Amino acid sequence: MPARIKCLTKAQLVGFFRDYRDAFPEWSVEHDVALSRALGPVKQVIAFEALRSGSYRPSHCIRVAGLLDGGQLLFQFLDIRHRETLPREHATKWPLVVKAMEEQFLPPVREPLDLARVLWFGEEEVARDGGANARTLSSLALLSAHLGESNRSLEWCDRSNSRLASMGREPAEWELRLAAFNQQLRKSIQTGRAREFLQEAERPPA
């Protein structure tokens, strides 16, 4: 009878995570199993999850503050060779996983965060893949506005709304909120009040 595969416990995952935390001492720790660093409206996150296969898997993303339901860019897993690690592999494999993160995650995890480069990488991903969802497009609009790139921000707002309009069904509540956000951001840019709008959008709820 085949051995039953056991999913990692949270305590086991936290134990493996310690090596990665030590490899990124200047990053903050979130929820015991995620690394993060922030600059302005963006936060770069490397998160670890336990899988049913008994292994763990890191992922990467850029979160953009200001969207009510959360903005996100550049979600990535590592290549197949480094994507998942079993407990018995951890001691020898985790340094290779760190090296893969350094080579594959964008923006580069060993270089200082730069908002203009984050925007560039996000736009390159959309141009390359072509299938970005509306939330990604709105995140690019928001980041463009932060950088004072008004025309680019307006373009991304329009592309987000076009994507929402092309769904061919009744919009979900979050999609209605996103469309309203796009219109508010567009209006704030056109009336010269983008900075005030961005500050209000990023303010934590009371």
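Here, each number is a calculation from the coordinates, and none is a lab measurement. In this text, all values refer to a predicted model and were calculated from it rather than measured experimentally. Ideal geometry is used to build each Cβ from the backbone, glycine not excepted, and the neighbour counts take in all protein chains shown.
Peptide packing: for 59-70, 173-184, the average count of neighbouring Cβ atoms within 10 Å per residue gives the ranking 59-70, 173-184, highest mean first.
Modelled spin labels at Asn151 and Phe75, positioned 7 Å past Cα toward Cβ, are 3.2 nm from each other. Summed over all non-identical Cα pairs, the Kirkwood treatment of segment 115-202 gives a radius of 13.1 Å. With respect to the chain, whose longest principal axis is taken over its alpha-carbon atoms, helix 10-23 is tilted by about 80°. So if the hydrodynamic radius of the chain is defined as the Kirkwood radius over C-alpha pairs, what does Stokes-Einstein give as its diffusion coefficient at 37 °C and 0.692 mPa s, in µm² per second? Calculated translational D: 176 µm²/s. Counting only residues at least eight positions apart within a chain, or on another chain, the lysines with an alpha carbon under 23 Å from that of Lys99 are Lys43. Rounded to a whole number of µm²/s, how large is the Stokes-Einstein D of segment 10-104 at 10 °C and 1.306 mPa s, given Rh as the Kirkwood radius over C-alpha pairs? Result for D is 114 µm²/s.
Full extension of the segment from Arg128 to Ser59, taken as 0.36 nm per residue of separation minus the current Cα-Cα distance, would add 22.8 nm. Between Val14 and Glu26, the modelled label-to-label distance comes to 2.8 nm, taking each label 7 Å out from Cα in the direction of the beta carbon.
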